[in-house]
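S.K.: I'd like to ask some things about the structure below.
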Amino acid sequence: MVAKFLIGAVLLTAAVPAYAAEQEFVLVNKTGKTIKTIEVSDVGKGEWTPETLDEDMVHDPVRNGMNHTVHYDKGCKIDVRLTFSDGSQSVFGNFDACDYAFGDFSFKGELPVVKGT
């Protein structure tokens with residue numbers, strides 16, 4: 001009986017996706033640039049973690065005008081650091097992924113702006 005339970009538990013564990021992200025949001029790229037990498041930190045901490053990808057997923061660049069679902073394992077209120085294909089980086093601060101399913105990432109002049117929708 002115990003052996004059957006253990007085998008069942010192992011099989012269920014194998015069925016879980018490779019990422020165990022607690023949160024997700026849809027990044028809407030309105031920056032005018034192509035995004036190469038996406039990193040997330042709890043607000044103000046500066047402890048950057050790359051977005052969590054399933055082991056069989058490939059992170060294609062997120063071109064301007066495209067949407068991309070970001071999976072991560074931080075809290076609700078986050079800072080998002082984007083690295084662009086030209087090598088530049090910008091930090092979009094204080095996005096609440098629990099209140100908003102979508103984040104419009106853009107620039108106002110040179111200032112990074114994220115608006116939840």
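S.K.: Look at segment 97-117 and say how many of its residues are without any contact (Cβ under 8 Å) to a residue 12 or more places away in the chain and in a strand (DSSP E or B).
M.R.: Of segment 97-117, the ones without any contact (Cβ under 8 Å) to a residue 12 or more places away in the chain are 108-111.
Now drop any that are not in a strand (DSSP E or B), which leaves 108, 111.
Within segment 97-117, residues that are without any contact (Cβ under 8 Å) to a residue 12 or more places away in the chain and in a strand (DSSP E or B) number 2.
S.K.: I've got another one for you. Take the residues in segment 49-73 that are under 16 Å from E22 (Cα atoms) and surrounded by fewer than 16 Cβ atoms within 10 Å (Cβ to Cβ); name whichever of them is modelled with the lowest pLDDT. If you could, list the steps in order and put the result at the bottom.
M.R.: Here is the first cut: in segment 49-73, the ones under 16 Å from E22 (Cα atoms) are 49-54, 69-73.
Next, only the ones that are surrounded by fewer than 16 Cβ atoms within 10 Å (Cβ to Cβ) stay: 49-50, 53-54, 69, 73.
On the way: T49: 94, P50: 93, L53: 73, D54: 62, T69: 93, D73: 91.
Result: D54.
S.K.: Hey, another quick one. State whether one or more residues within segment 6-27 are at pLDDT below 55 and under 10 Å from the mean Cα position of the chain (by Cα).
M.R.: Just the residues of segment 6-27 that are at pLDDT below 55, to begin with: 6-21.
Those left that are additionally under 10 Å from the mean Cα position of the chain (by Cα): 21.
Looking through segment 6-27, at least one residue is at pLDDT below 55 and under 10 Å from the mean Cα position of the chain (by Cα).
S.K.: Turning to a different aspect of this structure: Quick one: is T31 over 17 Å from Y100 (Cβ atoms), over 10 Å from the mean Cα position of the chain (by Cα) and buried (at least 18 other Cβ atoms within 10 Å of the Cβ)?
M.R.: In short, yes.
S.K.: Please work out if G93 is without any contact (Cβ under 8 Å) to a residue 12 or more places away in the chain and of a type outside the set (D, E, K, R).
M.R.: Working: without any contact (Cβ under 8 Å) to a residue 12 or more places away in the chain: no; of a type outside the set (D, E, K, R): yes.
Answer is no for this residue.
S.K.: Starting from segment 58-79, take each residue that is under 20 Å from G32 (Cβ atoms) and list its partners that are assigned to a strand (DSSP E or B) and not β-branched (V, I, T), counting only C-beta distances under 6 angstrom and pairs at least six apart or across chains.
M.R.: From segment 58-79, the pairs are P61/K36; V62/N29; V62/H68; N64/N29; M66/N29; H68/L27; V70/F25; V70/L27.
S.K.: For segment 74-96, which residues satisfy the criterion of being β-branched (V, I, T) and either crowded, with 20+ Cβ neighbours inside 10 Å or not in a strand (DSSP E or B) (or both)? Break it down into steps so the answer makes sense when it comes.
M.R.: The initial filter retains those residues of segment 74-96 that are β-branched (V, I, T), namely 78, 80, 83, 91.
The answer is I78, V80.
The values are calculated or read from the model by the stated rules, or taken from the named source; none is laboratory data. Remember, it's a predicted structure, so these values are computed and weren't measured experimentally. Note that each Cβ is placed from the backbone with ideal geometry, even for glycine, and that neighbours are counted across all protein chains shown.
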